[in-house]
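Contents: one structure, followed by commentary.
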Amino acid sequence: MSPTPKVQSGSPRRQRLKKNRNAEAGMRNRENGLFKKTNTWHHYYGGDILIFIKRPDGRIKGYESRPKLLQEFSKLPIPAHEIRGPDDIDT
């Protein structure tokens, strides 16, 4: 058995349960969690939110806080410095 991986805080990461080792199911759960969080953010703070996930198999999933938001956002000139990436997030 390999050692338990460490998360950035230094505490050990919990091992996956045997019944939850399906990576596909884990990815779906995480996607649903992200979509729920964006929905909650929209309802608490009132801002519009649009999120996309491109899966390793090439499929794209998304959430928009109201209908036709994607069409609106696609017409906006969003400056590159306003888009956050992995280096901008503390984990």
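Structure notes:
- Contour excess over end-to-end distance, with Cα ends at residue 37 and residue 71 and 0.36 nm allotted per residue: 10.0 nm
- Fully extending the segment from residue 54 to residue 28, taken as 0.36 nm per residue of separation minus the present Cα-Cα distance, adds 8.2 nm.
The numbers here are math on the coordinates, done by the rules we state, and not lab data. Quick caveat: nothing in here was measured; it's all calculated off a predicted structure.
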